[in-house]
1. If you wrap a convex hull around the Cα atoms of region 111-186, how much volume per residue is inside, in Å³?
2. Around ALA156, under 9 Å between beta carbons, what's the net of Lys plus Arg minus Asp minus Glu among the other residues?
3. Shape verdict for region 300-374, please, from the Cα gyration tensor: rounded (a/c under 1.5), prolate (a/b greater than b/c) or oblate.
4. If the only charges are +1 at each Lys and Arg Cβ and -1 at each Asp and Glu Cβ, what is the size of the charge dipole of the chain around the Cα centre, to the nearest 20 debye?
5. So for HIS395, HIS37, HIS120, what's the accessible-area order with a 1.4 Å probe, most first?
6. Which pairs in the list LYS43/LYS110; LYS41/LYS110; LYS84/LYS110; LYS77/LYS124 are over 19 Å apart, alpha-carbon to alpha-carbon?
7. Tally Lys/Arg at +1 and Asp/Glu at -1 over every other residue whose Cβ is under 13 Å from the Cβ of THR233; what's the total?
8. Suppose a student asked you for the relative contact order of region 27-128, using Cα pairs under 8 Å spaced at least 6 residues apart; what percent would you report?
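The values are calculated or read from the model by the stated rules, or taken from the named source; none is laboratory data. All values derive from a computational prediction rather than experimental measurement. Cβ placement follows ideal geometry from the backbone for every residue including glycine, while neighbour counts extend to all protein chains displayed. For accessibility, only protein heavy atoms count, side chains too; no ligands or nucleic acids. Shrake-Rupley method; radii C 1.70, N 1.55, O 1.52, S 1.80 Å.
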Amino acid sequence: MKQMLLVEEPNEDVKVFEPLASRMRPRDLEEYAGQRHLLAKGKLLRNLIESDNIPSMILWGPPGVGKTTLASIIAEKTDSRFIKLSAMTSGIKEVREVMERAESSRRNGKKTILFLDEIHRFNKAQQDVFLPFVEKGSVILIGATTENPSFEVNSALLSWCRVFVMHPLEQEDLEGLLERAIHDPRGFGDYEVTMPEGMVSMIADFSKGDGRTALNTLETILMNGDLSEGRITVTMDGIKECISRKSMMYDKGGEEHNQVISAFHESIRNSDVDAALFWLARMLDAGEDPIWIARRMTHAAAEDIGLADTNALHVAVDCFEAVRLIGMPECAVHLAEAAMYLCLAPKSNSVILAYGAARKDAETHDTDPIPLAVRAAYTKLQKDLGYGKDYQYPHSAPDKITDMQCMPDSLVGTRYYRPSDQG
């Protein structure tokens, strides 16, 4: 079966391995799977690509959903210079040299598109180098990341970029991708494939929205099938051997990933220390990002403990910082300590209930006028209009509180915060 994995190099005597996922990389938007909310005909991003009018952007989504592939399609479509940089191999000196060449091209009327795969791995100093060149249009930046760009990309750089959120591939997208790989000559199209009914659906389900996982799994299964006279025969036993139980039970980019973190959060909410430790250990053992877990614990501290124990949020934030500084495997004990503290802390959901109720009113009363008393009078015109009239300074009141109206007229008397005996 080796011939299926070999591609010709310019030197015909040299042959190299090329994975199925690489051979089947879509060549244009018609072959591209998923992301219809961005790339269906008439959608904004598709129009920008087809008109070669790409803005600086961040492609944010889990692994295997087509971020790098989309950048490759843009590279083929654009009339601009296309440069790809990696955080693993590009130092600040190299980044500066690329930026200077891009600026020279701009002066000569040629655009440069710079693709930064895994932009979250570029450190702050590297990201700072990009900023002035993005600001003046020397480069059009395309960054791909699996991490929330609000946390991982410098805010100034992020402000110059549009963020496009990419979703896990749907079942039908994955099945289409697999069927094409089976029948396309770039994949296994030169072979007659005999397989159990439902195998494609099984692989798609196992892949949990990750196209690369789907193609790698298919390749492993077919490469381990029986090859005879141009035919590949796959058995159900062969499929089971190629799909490990551990991978099926926890996929960082898929449904089980979300279910396990849900079980962890619910265990904290229910003050179940042992269950929280079990789910924490299961996530870490499966290779989950510890920073992501720590971030979720800060949310649990505010949502489920809140004012019942305000120190819980400090513990969670301290844990987050410790995890960032130390990393695995040592930070596991910090996560465990924080999880145990959150479990054992008294619980109150008064904060999230109060904010939720306030947000609901804010959506329906978003145009209600601000009371004059609490408006700031920065100019003479504002003073003449009565801004700040009848303002009462709380610190001058005996109990540091006044009867001054701070709510819009339509919401006077509304209560959002309803304290319990724990908060």
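1. On the way: hull volume 9.6 nm³, N = 76.
Once divided by residue count, the hull of region 111-186 is 126 Å³.
2. On the way: positive: none; negative: ASP128, GLU135.
With Lys, Arg at +1 and Asp, Glu at -1, the net is -2.
3. Numbers: a/c = 3.49, a/b = 2.41, b/c = 1.45.
Note, shape of region 300-374 comes out prolate.
4. Details: 48 positive and 64 negative charges, 352 e Å.
With Lys and Arg at +1 and Asp and Glu at -1, about 1680 debye.
5. Details: HIS395 120, HIS37 75, HIS120 35 Å².
In descending accessible area the options line up as HIS395, HIS37, HIS120.
6. Numbers: LYS43/LYS110 27 Å; LYS41/LYS110 28 Å; LYS84/LYS110 17 Å; LYS77/LYS124 31 Å.
Distance filter (> 19 Å) returns LYS43/LYS110; LYS41/LYS110; LYS77/LYS124.
7. Numbers: positive: ARG231; negative: GLU192, ASP226, GLU229, ASP237.
Once positives and negatives cancel, what remains is -3.
8. Answer for region 27-128 is 25 percent.
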